[in-house]
Amino acid sequence: MTERGLLIVLSGPSGVGKGTVRKELFDTKDNEFEYSISMTTRDKRKGEMEGKDYFFRTREEFENLIEKDGLLEYAEYVGNYYGTPLQYVNETLDKGKDVFLEIEVQGALKVREKMPEGIFIFLAPPNLDELKSRIVNRGTDEKEIIEKRMKKAKEEMKLIRFYDYVVENDTVENAAEKIRHIIESEHLKVSRNIKTYAKFIEEME
Ligand code: 5GP
């Protein structure tokens with residue numbers, strides 16, 4: 001029987017650069033792991049492609065899928081739904097391949113409840129000034145909105161305790177490299193290789 005693949009979840013506070021690190025991981029090298037394309041009700045941005053960046057759906061279609069238990073998790077983020085289609089994740093893991101999710105923190109916690117065997121990686125800002133400047137540079141500079149976003153980021157930072165690994169996003173390349181190392185190390189755990197070596201030992205007798 002094929003060993004089930006690993007579920008790798010990359011998450012972290014808004015504005016930390018999750019999407020950029022994920023793109024670095026998938027655009028620059030061939031990976032052994034597969035990206036799970038999320039579903040969303042938000043509008044397609046310039047350059048985005050259906051079935052590559054997201055599956056773009058109406059609220060009605062999305063809610064239908066929620067009712068059918070078709071999502072591993074979903075969350076509402078800035079007025080839109082985002083979710084992880086369950087079938088793809090299960091089928092890919094069953095084939096023995098690793099699946100990579102890049103999702104916001106509420107969704108990651110839901111995945112942790114359902115699949116605690118996953119590997120949960122928290123992408124953290126290198127320091128407070130950097131986080132502040134990223135939040136300030138996100139479009140509007142209305143004081144009230146910036147304060148709201150900082151408060152949200154603080155709440156999201158507190159959730160770090162539910163994760164297995166923390167990766168500082170100092171540079172995108174460094175962060176991506178560390179994530180690759182985490183995945184490699186996870187594959188080297190004795191618990192994941194014990195069957196192979198049990199057989200080896202048996203053959204030695
Ligand atoms: P954006 O609209 O900028 O592509 O994504 C907004 C946020 O939604 C990001 O923090 C991204 O990580 C998160 N996100 C993308 N896909 C999913 C998903 O399937 N589930 C959840 N919970 N969050 C997602």
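The values are calculated or read from the model by the stated rules, or taken from the named source; none is laboratory data. A quick note: this is a predicted structure, and the numbers were derived from the prediction, not measured. Because the Cβ atoms are built from the backbone with ideal geometry, glycine has one as well, and the counts that use them run over all protein chains shown. Remember, those area values only see protein heavy atoms, side chains included, never the ligands or the DNA or RNA. Shrake-Rupley method; radii C 1.70, N 1.55, O 1.52, S 1.80 Å.
Go through the residues of the stretch 92-111 one by one and say whether even a single one is farther than 25 Å from residue 44 by Cα, touching a strand residue (DSSP E or B) at 6+ places or on another chain (Cβ under 6 Å) and among the acidic types (Asp, Glu). For the stretch 92-111, residues farther than 25 Å from residue 44 by Cα, touching a strand residue (DSSP E or B) at 6+ places or on another chain (Cβ under 6 Å) and among the acidic types (Asp, Glu): present.
For (1) within 25 Å of residue 160 (Cβ to Cβ); (2) touching a Cys at 6+ places or on another chain (Cβ under 7 Å); (3) more than 11 Å from the ligand (Cβ to nearest atom), each residue gets a yes or a no:
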| position | (1), (2), (3) |
| --- | --- |
| 77 | yes, no, no |
| 83 | yes, no, no |
| 87 | no, no, yes |
| 92 | no, no, yes |
| 95 | no, no, yes |
| 106 | yes, no, no |
| 109 | yes, no, no |
| 113 | yes, no, yes |
| 116 | yes, no, yes |
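Taking the criterion of being buried (at least 20 other Cβ atoms within 10 Å of the Cβ) and either charged (D, E, K, R) or farther than 18 Å from residue 13 by Cα (or both), the residues of the stretch 94-117 that qualify are 99, 102. Within the stretch 1-34, the set of residues being among the hydroxyl-bearing types (Ser, Thr, Tyr), surrounded by fewer than 16 Cβ atoms within 10 Å (Cβ to Cβ) and under 29 Å from residue 154 (Cβ atoms) comprises just one member, 20. Where strands (runs of 3 or more DSSP E) sit wholly within the stretch 97-205, those with at least 3 residues that are more than 22 Å from residue 53 (Cα to Cα), modelled with pLDDT of 95 or more and in contact with a Leu (Cβ under 9 Å, 6 or more places away or on another chain) occupy 165-168.
Quick check on the stretch 133-147: of everything there that is within 13 Å of the ligand (Cβ to nearest atom) and among the basic types (Lys, Arg), which residue is least open to solvent (accessible area, probe 1.4 Å)? The qualifying residue least open to solvent (accessible area, probe 1.4 Å) is 134. Of the residues making up the stretch 75-89, just one is buried (at least 21 other Cβ atoms within 10 Å of the Cβ) and under 18 Å from residue 13 (Cβ atoms), namely 82. Checking the stretch 165-186 against the condition returns no match, with no residue being more than 21 Å from residue 29 (Cα to Cα) and open to solvent by 100 Å² or more (accessible area, probe 1.4 Å). Scanning the stretch 3-40 for residues that are under 30 Å from residue 128 (Cα atoms), polar (S, T, N, Q) and more than 10 Å from the ligand (Cβ to nearest atom) yields a total of 2.
Whenever a residue of the stretch 33-44 is within 23 Å of residue 181 (Cα to Cα), its partners that are near the ligand (Cβ under 9 Å from one of its atoms), lying with C-beta atoms within less than 7 angstrom and at least six residues away or across chains, give the pairs 36/84; 36/101; 37/54. In the set (1) open to solvent by less than 50 Å² (accessible area, probe 1.4 Å); (2) in contact (Cβ under 8 Å) with a residue 60 or more places away in the chain; (3) away from the ligand (no atom under 14 Å from the Cβ), residue 150 fails one condition alone, (2). Hey, any hits in the stretch 59-69 for a residue that's within 10 Å of the ligand (Cβ to nearest atom) and loosely packed, with under 13 Cβ neighbours inside 10 Å? Within the stretch 59-69, none of the residues are within 10 Å of the ligand (Cβ to nearest atom) and loosely packed, with under 13 Cβ neighbours inside 10 Å. For the stretch 58-88, a residue qualifies if it is in contact with a helix residue (DSSP H, G or I) (Cβ under 8 Å, 6 or more places away or on another chain) and assigned to a loop (DSSP other than H, G, I, E, B), and the qualifying residues are 69, 70. Residue 43 meets each of the listed conditions (1) within 12 Å of the ligand (Cβ to nearest atom); (2) part of a helix (DSSP H, G or I) apart from (2). Against the test of being surrounded by 14 or more Cβ atoms within 10 Å (Cβ to Cβ), near the ligand (Cβ under 10 Å from one of its atoms) and not basic (Lys, Arg), the options 156, 130, 48 yield a single qualifying residue, 156.
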